[in-house]
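Here is the structure we will look at, set down as structure tokens.
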């Protein structure tokens with residue numbers, strides 16, 4: 001019996017179909033069809049799970065993060081998506097954040113946080129300034145925009161000294177820089193003499209500056225204006241406190257300064273018109289000086305002075321009597337020339353060496369102001385309000 005060829009088919013020959021390949025290699029391959037991929041694609045990450053984790057980490061709106069975490073778990077279970085760990089982590093973190101928020105609200109911490117936020121938004125430039133502080137600023141008092149103010153000891157060098165603070169109105173709209181300027185000039189200058197009762201300590205190189213709110217800080221409730229004494233020359237500083245009031249002076253110093261400051265107030269009201277242009281108005285002013293000197297003399301004579309100060313004060317009183325006599329004659333001068341003679345003599349007696357001696361005995365400033373001999377037309381003698389950093393802009 002003839003042997004059978006092993007390569008011979010057992011049955012009738014059939015041509016391979018379009019999806020089959022004959023041969024000894026087993027089952028035919030399935031070709032790639034439309035929409036198939038050679039590798040398995042991973043399931044997508046649930047978007048709510050990502051959002052829940054982010055909000056949980058930030059703890060900004062914890063209630064929302066908790067809700068998103070729960071919704072994410074439901075969607076992941078239904079759709080077979082990934083992100084279950086993120087959803088759980090976001091829910092846990094949000095729960096912790098929500099508990100902390102409840103605790104803060106229950107203890108009043110939210111109010112403290114908001115106040116601190118507002119203070120920080122102001123840059124802390126003038127948020128904590130108070131009367132009597134000495135300060136330094138990075139750009140000095142002449143800097144228009146102030147973002148930082150450092151309190152320093154008054155005994156050392158410093159840019160300025162706060163002598164008065166006040167709050168502007170509570171209007172919801174920022175009134176503008178010019179309104180802040182006007183408010184500062186109106187409110188600051190009257191308090192200079194209250195803070196520095198010893199007018200001789202206010203030398204010509206000292207001027208008034210201020211720090212006030214800006215449009216940005218106004219929206220956060222900033223209404224504080226700080227009035228500051230500083231050097232007139234940019235870059236120069238002050239050393240030692242200028243304060244001389246009831247908090248720093250003894251009873252004898254206060255009595256001496258109060259008596260003299262009443263006269264200084266009248267002297268600064270010298271008329272703008274010269275005597276040759278309006279003799280009558282100058283005569284009336286000379287009469288006011290005479291009357292204020294009479295009040296000063298009575299106050300000084302009525303006070304009991306320490307042993308070391310009695311003799312210098314008595315000598316000073318003699319010059320004040322002579323000054324009063326000259327101002328009396330000026331008040332009744334027949335013409336402008338006569339007025340000028342007694343006017344000059346009156347100032348000379350007020351600036352006599354006895355004033356320096358009496359002040360030295362009482363431990364007060366002993367250098368007379370350069371402008372003590374008031375010039376006609378000076379008005380109140382005040383300088384221009386300096387605009388400082390945050391002050392025009394703080």
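The values are calculated or read from the model by the stated rules, or taken from the named source; none is laboratory data. What you are looking at is a predicted structure, and each value in this text was computed from that prediction instead of being measured. We place every Cβ from the backbone using ideal geometry, glycine too, and count neighbours over all the protein chains shown.
What to note about this one:
- Verdict on residue 365 being crowded, with 17+ Cβ neighbours inside 10 Å and either in a helix (DSSP H, G or I) or in contact with a helix residue (DSSP H, G or I) (Cβ under 6 Å, 6 or more places away or on another chain) (or both): yes
- In the set (1) more than 30 Å from residue 129 (Cα to Cα); (2) in a helix (DSSP H, G or I); (3) modelled with pLDDT under 95, residue 358 fails one condition alone, (3).
- Of the helices (runs of 4 or more DSSP H) lying entirely inside the stretch 162-255, those carrying at least 2 residues that are at pLDDT 90 or above, within 19 Å of the chain's Cα centre (by Cα) and more than 29 Å from residue 358 (Cα to Cα) are 177-188.
- Scanning the stretch 235-253 for residues that are within 24 Å of residue 295 (Cβ to Cβ) and surrounded by fewer than 16 Cβ atoms within 10 Å (Cβ to Cβ) turns up 246, 250, 251.
- Looking only at the stretch 259-280, residues that are at pLDDT 95 or above, loosely packed, with under 15 Cβ neighbours inside 10 Å and in a helix (DSSP H, G or I) come to 1 in all.
- Criterion: under 20 Å from residue 262 (Cβ atoms) and either over 45 Å from the mean Cα position of the chain (by Cα) or part of a helix (DSSP H, G or I) (or both) - qualifying residue of 299, 311: 299
- Among residues of the stretch 194-231, those that are out of contact with any helix residue (DSSP H, G or I) (no Cβ under 6 Å at 6 or more places or on another chain) and under 15 Å from residue 136 (Cα atoms), counted: 6
- Residue within the stretch 318-325 that is surrounded by fewer than 18 Cβ atoms within 10 Å (Cβ to Cβ) and either outside the structural domain of residue 287 (by TED's automatic domain parsing) or modelled with pLDDT under 95 (or both) present: no
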